[in-house]
Amino acid sequence: MATAGRTLTLLAVLAVTGCAGVAEYTGTATQQDVVELRGDVAALQTSVRRLQTQIQTLTPQVDSRLREQLAEMDRRTSALAGRVESLNTTVTRLTARLDELNTRVEALGRQLRAAAAPRQAPSPGGAPTPAPSPGPLAPAPVPAPAGRAAAGTRQPQDIYQTAYIDFSKGNYRLAVAGFQEFLRRYPDHDLADNAQYWIGEAHLALARGHADAGQQEQATQELQLAVQEFRKVIANYPRGDKAPTALYKEALALLELKQPQLAQARLQYLVDNFPQAEETPLARERLAALKER
């Protein structure tokens, strides 16, 4: 019995002091190993939760920053688009003024040529005698009550110039009527394509006026008329100077009418057929923006 007791005591000591060795040799995890593993897992879970909290905190900040950057880009894009449209309007008005001045120069030239006459005529005896001195230039015809001479007495340039002055003053309805009269009477004149183009510009200006006044239905109607009139420039005067400009303005009107596919087709036609036109770089930019949508 004493020997058995000593044996049991020795086994108990070995169990307490040599458990690591036993686990090492037998491959069996002890309770302490399990406790340590559980502690490691708990620490990892805490780290994961901490990272998740940091991500959740940072995500709104990142989203807010991205939204701010996108909004700033939109503002800059809108500002640039506004500047481009303003420059286009300025160019339009300057072109109108230039055409008006050219028309006046042509009219003055005709008056000077008509006034030029020989100042001496031969007398019956052969000696030159002074010809009757011409009186002062005849005054311009007295304007009609509406400020316009009768159509039958006016030259083509006079009709065109009157319509142009109306356009430059913002009298777009009168300008349309004047240019239409010019085209009806002189459809093959050198200024015919210009007259057709300015009819489209007048309708475009009327559309913008209605839009600014909140009259969307009227604005849409004028935009549709502008598209039709600009298209006539290409149909009737495909080789005219105003053809590329009319194409570009038609595309802008189509974009305002929410017809991007037709606008893209017209811009592509401009790029393909008028590669050297001033409007072609603008058309390429518009095309790139449309394709990115």
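Run the quick spin-label model on residue 285 and residue 208: label points 7 Å from Cα toward the beta carbon, then report their separation in nm to one decimal.
Going by the 7 Å Cα→Cβ label model, 1.6 nm.
Taking R0 as 35 Å, what's the FRET efficiency between residue 221 and residue 72 from their Cβ-Cβ distance, rounded to 0.05?
0.45
For residue 259, what is the net charge nearby, where nearby means another residue's Cβ is under 12 Å from its Cβ and Lys, Arg count +1, Asp, Glu -1?
0
Take peptides 183-189, 163-169 and line them up by average Cβ neighbours within 10 Å, highest first, as a rough protection proxy.
163-169, 183-189
Could you derive backbone 3J(HN,Hα) for the range 179-186 from the dihedral phi with the Karplus parameters 6.51, -1.76 and 1.60 (θ = phi - 60°), listing whole Hz in sequence and x where the residue is Gly or Pro?
5, 5, 4, 4, 5, 5, 8, 9
Give, as a single signed number, the net charge of other residues whose beta carbon lies under 13 Å from the beta carbon of residue 224, with Lys and Arg counted +1 and Asp and Glu -1.
Charge balance in the 13 Å sphere: -3.
By how many nm would the segment from residue 48 to residue 239 grow when fully extended, if each residue of separation counts as 0.36 nm and the alpha-carbon distance is taken off?
Here the answer is 61.6 nm.
Taking amide hydrogens as modeled 1.01 Å from N in the peptide plane, which residues meet the under 5 Å criterion relative to residue 240, leaving out close sequence neighbours?
Amide H neighbours of residue 240, under 5 Å, 5+ apart: none.
Could you order peptides 197-203, 216-222, 228-234, 42-48 by the average number of other Cβ atoms within 10 Å of their residues, highest first?
Top of the packing list down: 197-203, 228-234, 216-222, 42-48.
A short reminder: the numbers here are calculations on the coordinates, not readings from a lab. Predicted, not measured: the structure shown is a model, and the values here were computed from it. So basically every Cβ, Gly included, is an ideal-geometry build from the backbone, and we count neighbours across all protein chains shown.
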